[in-house]
Amino acid sequence: MIESDSMRKPTRVSATVAARTFSDLLSRAHYRGEEFLVERGGEPVCLLTPAQPAARLTLGELASLLREIPRPDPDYASDVRRAVRRQGRLPRSPWGR
């Protein structure tokens, strides 16, 4: 049985009903923004919520963030070069690439 206490709270749904109506629950979460609290034996198991859109940055915001991150240690580049030299060469491709 699917029951809702209010529009603000997630709709409570048993795990059995969630399994039987999973496609419908996904559609409702995606298109209507509904949330569902899935319960097993009356105990909350998980919360099905709509995915949030990925954060988008402008180029200016990205540039600002990159200016704020700490700079690598001065020896970082030499450490990377040393590690690359120790790796040796990759074997030749048997396909001639």
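Quick notes
- Ellipticity at 222 nm from helices only: DSSP H runs of n ≥ 4 in the chain, each -39500 (n - 2.57), divided by the residue count, give -9500 deg cm²/dmol.
- Projected label distance in nm at Val80 and Ser93, using a 7 Å step from Cα toward the beta-carbon: 2.4 nm
- Whether region 43-97 is rounded, prolate or oblate, judged on the alpha carbon gyration tensor where a/c under 1.5 counts as rounded: oblate
- Percent breakdown of C-alpha pair distances by 5 Å bin, ordered from the shortest bin, for region 2-48: 5, 25, 35, 26, 8, 1
- Mean shadow area of the chain, taken as a quarter of the surface of its Cα convex hull (nm²): 14.8 nm²
- His30-Lys9 FRET efficiency (beta carbon distance; Förster radius 30 Å; 0.05 resolution): 0.95
- Size of charge dipole - region 2-48 - debye, nearest 20, with Cβ of Lys, Arg +1 and Asp, Glu -1, no other charges: 80 debye
- Estimated from the Cβ-Cβ distance and a Förster radius of 25 angstrom, the FRET efficiency linking Arg20 and Ala51 is about 0.65.
Laboratory data are not the source of any read-out in this text; all were calculated from the coordinates shown. Computed from a predicted structure; not experimentally measured. Please note: Cβ atoms are built from the backbone with ideal geometry, for glycine as well, and neighbour counts cover all protein chains shown.
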